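To start, the structure itself, in structure tokens.
The values are calculated or read from the model by the stated rules, or taken from the named source; none is laboratory data. Remember, it's a predicted structure, so these values are computed and weren't measured experimentally. With ideal geometry, Cβ positions are generated from the backbone for all residues, glycine too; neighbour counts draw on all protein chains shown. Accessible surface is based on the protein model in full, side chains and every heavy atom, while ligands, DNA and RNA are left aside. Shrake-Rupley method; radii C 1.70, N 1.55, O 1.52, S 1.80 Å.
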Amino acid sequence: MKKITIAIDGFSSTGKSTLAKQLAKKLQYIYVDTGAMYRAVTLFAMRAGLVNAGNVDEDTLEQKLGDVELKFVFNSELGFAEMYLNGENVEKEIRTMPVSKNVSQVAVLEAVRKKLVALQQAMGVDKGIVMDGRDIGTVVFPDAELKIFMTASPEKRAVRRYKELLDRGENVVYEDILENVQKRDYIDSNREISPLRKADDAIEFDNSDLGLEDQFQRIYEHSLRVIEKQV
């Protein structure tokens, strides 16, 4: 059966990564979490002292991008690949609130997007890939055979994120999470370069009140139909 490219876009905390991992595993495709790549660059910038009160030293970060090496390393125990920054496993650190608060400001930078989009496109040359992010179906793979756009109410997404961080042992406040979700929505949707938007040929899934298993089954069955149409 011919392999395709599956592009999953959408707002933060809509379960894009969970869905993408499930699809990739079921289809035996490669999974790429582009959000982890932008988070890793954000962590790099923070460690280098290039992020201050939400402001990014864009010129210096651009100069230092050559020092950023990103790599996904498969963890057989977890069943998915983890993000490595310059040889260090940063999977847990990039999911923390400090990184979440700054990732949109870093991801909006042209030099950062140019570097990561090139890496992402190289990963998908041979198809058989499921990639999730903000601009996969519009910029990275505009010719993807299947495009999915995921959304949910900010309040529902904030609750999911809040529970996720609590489970990790972080001391967080729901109102702060909701504010962060809404701020990221605005920045992602209004940035000048590669803004978050639904591709014209993407299928939209609002999972505000949809269970993860039901959602996965619907999208998996649709994926099979798209794959079967390929000649």
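Within segment 86-96, the set of residues being over 16 Å from the mean Cα position of the chain (by Cα) and on the phi < 0 side of the Ramachandran plot comprises Glu88, Asn89. Set side by side, the residues Val130, Val99, Val139, Val117 differ, and just one is open to solvent by 30 Å² or more (accessible area, probe 1.4 Å) and either on the phi < 0 side of the Ramachandran plot or part of a loop (DSSP other than H, G, I, E, B) (or both), which is Val139. A single member of Leu50, Leu61 is crowded, with 16+ Cβ neighbours inside 10 Å, within 20 Å of Val117 (Cβ to Cβ), at pLDDT 95 or above and in contact with a helix residue (DSSP H, G or I) (Cβ under 9 Å, 6 or more places away or on another chain), and it is Leu61. Can you confirm whether Ser13 is of a type in the set (S, T, N, Q), assigned to a loop (DSSP other than H, G, I, E, B) and either modelled with pLDDT under 95 or touching a Gly at 6+ places or on another chain (Cβ under 9 Å) (or both)? Yes. Close Cβ contacts (under 7 Å, 6 or more residues apart or on different chains) running from residues in segment 27-50 that are without any contact (Cβ under 8 Å) to a residue 24 or more places away in the chain to residues that are outside any helix (DSSP H, G or I) and open to solvent by 30 Å² or more (accessible area, probe 1.4 Å) comprise Leu50/Val56; Leu50/Asp57. Looking across segment 116-171, just one residue is of a type in the set (Ser, Thr, Tyr) and either farther than 23 Å from Thr96 by Cα or free of Cβ contacts under 8 Å to residues at least 12 places away in the same chain (or both), and that is Thr138.
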